[in-house]
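What follows is calculated from the coordinates using simple rules that are stated; it is not laboratory data. Keep in mind that what you see is a predicted model, and the values were worked out from it rather than measured. Note: ideal-geometry Cβ built from the backbone for every residue, glycine included; neighbour counts use all protein chains shown.
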Amino acid sequence: MQGCRIRCLPPRLDEGGLHLSLPGPAGLWRLCAEIRKMDVQLRAQLGMNRPLGILTGLFVLSRIFRWIYLITRDEKAVGMLGAYSWEPRGHAFLTMVIWDERDRRRGTGSRAVSLAVRELSARKLCRSFFVEVKKANPGAVRFWERNGFEVTGRNGEILTMSLQKKQDTGASGHFRQRPSLIGQK
């Protein structure tokens, strides 16, 4: 990992009543339990097309994500923000899920993305951030657009959106392409 390991990530990021934390064993257990409860569409977005047992869920999470932050608001775990591709001091491909419909549309996701981007950029752990979104999911496209991401590529039904600081992209602004995880079984 070119001089930076997962240990260099801040274990906890805080802003008001919002906390992002690298989960310990109990947090990973909680992530897997929540993923098991998610509806089929959300599991499919994470590449998890059928319900998982807890141990299988832990294994899958460790294989898909380079890092995961558990999102907690007012002492309640409400979601996760993770990177399934990360080049330390380079770029990160992010994904975020707020588990319960009742916790959505309350600004938590936007605050979590903003906090993570701001802190990881300030610590020079990431220079650019990307997401992949299905074109058929206009709500997700609007969410990422509201948070400063713009479409920078298309691959079939998948849109690649980026949030890059102009001073950090260099002359070309290019990033290394990687295969999409969305829709893989």
Determine, for MET96, MET80, the number of other Cβ atoms within 10 Å of each Cβ, and report the residues in order from fewest to most. MET96, MET80
Would you pull out the residues with amide H under 5 Å of TRP67's amide H, same chain only if 5 or more places away, H placed 1.01 Å from N? ALA83
Going by C-beta contacts inside 10 Å, put ASP103, ASP74 in order with the fewest on the left. ASP74, ASP103
Tell me the label-point distance for the pair ALA122, GLU75, using the 7 Å Cα-to-Cβ offset, in nm and rounded to one decimal. 2.6 nm
Amide H contacts of THR152 (H built 1.01 Å from N, under 5 Å, at least 5 apart or other chain): THR160, MET161, SER162
Round to the nearest 0.05 the FRET efficiency obtained for TRP29 and ASN137 when R0 = 30 Å and r is the Cβ-Cβ distance. 0.55
Along the Cα-to-C-beta direction of ARG146, a point sits 7 Å from the Cα; which residues of region 108-129 have their amide N less than 12 Å from that point? 108-111
Which of CYS32, CYS8 has the fewest Cβ neighbours within 10 Å, and the rest in rising order: CYS8, CYS32
